[in-house]
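Visitor: Pasting a structure below so you can have a look.
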Amino acid sequence: MNKRPLSVTVIGCIFIAAGVIGFAYHVTEFKTQRPFEYGIVWVSLLRLLAILGGVFVLRGNNWARWLVLIWIAFHVVLSAFHSRFELIAHALLFVVIAVVLFRPKASAYFRSAGAGPAQEP
């Protein structure tokens, strides 16, 4: 297996941190009177997806790099309903993450990690 590029490690760790911090922040919004309000459930699910994507990016799973790219693309769409600054910031993050995760070194890492050990017939 190829050694994981530092840039992939950084992105994986950022997604894990963003998911954990966001989940911890939003968990305080759960109310005992209405424990399953739809908004908080969706936000929590999105945070868990960030954690899942970050962990499996570190493990070299190809589907995980697509997951984190879709995750940030979703945030670009959400940002369109907020300020122009948020839209630009999320769009730039999307571009940086896409470039980093699909560079030749990163692609080779995801290919080799997905191949796994050779199995005997």
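The values are calculated or read from the model by the stated rules, or taken from the named source; none is laboratory data. Keep in mind the model is a prediction, meaning the values are calculated, not measured. Backbone-built Cβ (ideal geometry, glycine too); neighbour counts: all protein chains shown. Each accessible area value is taken on the protein alone, full model and side chains, heavy atoms only, with ligands, DNA and RNA left out. Shrake-Rupley method; radii C 1.70, N 1.55, O 1.52, S 1.80 Å.
Visitor: Can you pull out the residues in the range 57-87 that are of a type in the set (Lys, Arg) and either free of Cβ contacts under 8 Å to residues at least 40 places away in the same chain or touching a Gly at 6+ places or on another chain (Cβ under 7 Å) (or both)? Please lay out each step first, then the result.
Guide: From the range 57-87, those of a type in the set (Lys, Arg) are 59, 65, 84; that's our starting set.
Scanning the range 57-87 gives a single hit, ARG84.
Visitor: Hey, can you tell me all the residues within the range 99-121 that are within 16 Å of GLY54 (Cβ to Cβ) and at pLDDT 90 or above? So that I can check it myself, show each step before the final result.
Guide: Taking the range 99-121 as the starting set, the residues that turn out to be within 16 Å of GLY54 (Cβ to Cβ) are 100-101, 106, 109-110, 113.
Across the range 99-121, the qualifying residues are VAL100, LEU101, ALA106, TYR109, PHE110.
Visitor: Which condition number does LEU45 fail, the rest of (1) assigned to a helix (DSSP H, G or I); (2) at pLDDT 90 or above being met?
Guide: Going through (1) assigned to a helix (DSSP H, G or I); (2) at pLDDT 90 or above one by one, LEU45 breaks only (2).
Visitor: I've got another one for you. In the range 47-99, which residue that is β-branched (Val, Ile, Thr) and open to solvent by less than 60 Å² (accessible area, probe 1.4 Å) is farthest from the chain's Cα centre (by Cα)? I'd like the intermediate steps shown before the answer.
Guide: Keep residues of the range 47-99 that are β-branched (Val, Ile, Thr), which gives 51, 55, 57, 68, 70, 72, 76-77, 88, 95-97, 99.
Now narrow it down to the ones that are open to solvent by less than 60 Å² (accessible area, probe 1.4 Å): 51, 55, 57, 68, 72, 76, 97.
Values: ILE51: 7, VAL55: 9, VAL57: 8, VAL68: 3, ILE72: 7, VAL76: 13, ILE97: 10 Å.
The extreme case among them is VAL76.
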